[in-house]
Amino acid sequence: MDDISGFIFKLSIMLVPGVFAVVCHEVSHGYVANIFGDPTAKNMGRLTLNPIKHIDPIGLLMLFIFKIGWAKPVPVNFYNLRNPKRDMIWVAAAGPITNFLLASLSALLLRSIIEMAAFIPRSIAEPLLMMLAFSVFINLILALFNMIPIPPLDGGRVLVGLLPPRPAMALSRVEPFGMFAIILVVILFPLVIFRVIYPPLYLGLDLLIGDAAMGYLLKNTSIAHLGFFNF
């Protein structure tokens, strides 16, 4: 593929599952916060799957260039939660849990379509299979990346909720600078992040998709042209 057609091909496969993954991640934070007493996201109209309400252009660009991205953070007022320290653990964990669930659901649908492939036109089955495979990939990436225990990533906020008050307060002071530092590492030293994420990522891909399904994808679709989906 030439550069332009290759870019259009990647965009056509990656855009919908990529945007859906980051939007669901953020909405889940607001939804769980609302359950635990904070209606901030609900009052601001952020409990919606409408991507326009959530997309951060820089985060979306990072998603397609570095395979790690984000949407606009859903606002959560820590002090509205009924038990702030405990409830924030669940609010933060909701994002990665949602991505793991989406990855599992995508893998289930992918396997089902492969089983029924003989009855589905190739023009429909091939793009669906590639989109579902990418959905598994990107949801696992988002879940694992956000579990890194550095605020403001979800893993950092979970750790703040689990630690005793003094170390929790010390770790929480990292939050204003944490995301900036992580972005710099992703851009300047991407192998550092990938070496942390890739072992559990490939374990997850092996468990959810498996060798047989991946072999089918490589033989019967153009998934290899996605560029980074090399198993």
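The values are calculated or read from the model by the stated rules, or taken from the named source; none is laboratory data. Since the structure is predicted, the reported quantities are computational estimates derived from the model, not experimental observations. Counting neighbours? That spans all protein chains shown, and the Cβs are built from the backbone with ideal geometry, glycine included.
What the table below lists for this structure:
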read-out	value
Filter result for the condition that a residue is closer than 21 Å to V16 by Cβ and small (G, A, S), over A125, A33	A125
Breaking point among (1) out of contact with any Phe, Trp or Tyr (no Cβ under 9 Å at 6 or more places or on another chain); (2) touching a residue at least 60 places away in the same chain (Cβ under 8 Å); (3) not aliphatic (A, V, I, L, M), for N77	(2)
Residue match in the range 194-206 (condition: farther than 18 Å from G156 by Cα, touching a residue at least 12 places away in the same chain (Cβ under 8 Å), of a type outside the set (D, E, K, R) and assigned to a loop (DSSP other than H, G, I, E, B))	no
First in the range 143-160 and without any contact (Cβ under 8 Å) to a residue 60 or more places away in the chain and on the phi < 0 side of the Ramachandran plot, second anywhere and buried (at least 22 other Cβ atoms within 10 Å of the Cβ) and part of a helix (DSSP H, G or I), Cβ under 6 Å, 6 or more apart	A143/P96; A143/N99; M147/P96; P149/G156; I150/G156; P151/R157; L153/N146
Segments classed as helices (runs of 4 or more DSSP H), wholly inside the range 1-111, with at least 2 members that are buried (at least 17 other Cβ atoms within 10 Å of the Cβ)	3-35, 57-66
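Yes or no, residue by residue, for (1) of a type in the set (D, E); (2) modelled with pLDDT of 90 or more; (3) in contact with a Gly (Cβ under 8 Å, 6 or more places away or on another chain):
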position: L63; (1), (2), (3): no, no, yes
position: L101; (1), (2), (3): no, yes, no
position: L108; (1), (2), (3): no, yes, no
position: S112; (1), (2), (3): no, yes, no
position: M116; (1), (2), (3): no, yes, no
position: E126; (1), (2), (3): yes, yes, no
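Quick grid of which residues meet (1) touching a Gly at 6+ places or on another chain (Cβ under 8 Å); (2) at pLDDT 80 or above; (3) within 17 Å of K85 (Cα to Cα):
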| site | (1), (2), (3) |
| --- | --- |
| I141 | no, yes, no |
| G156 | yes, yes, yes |
| P167 | no, yes, yes |
| P190 | no, no, no |
| L203 | no, yes, no |
| L207 | no, yes, no |
| A212 | no, yes, no |
| S222 | no, yes, no |
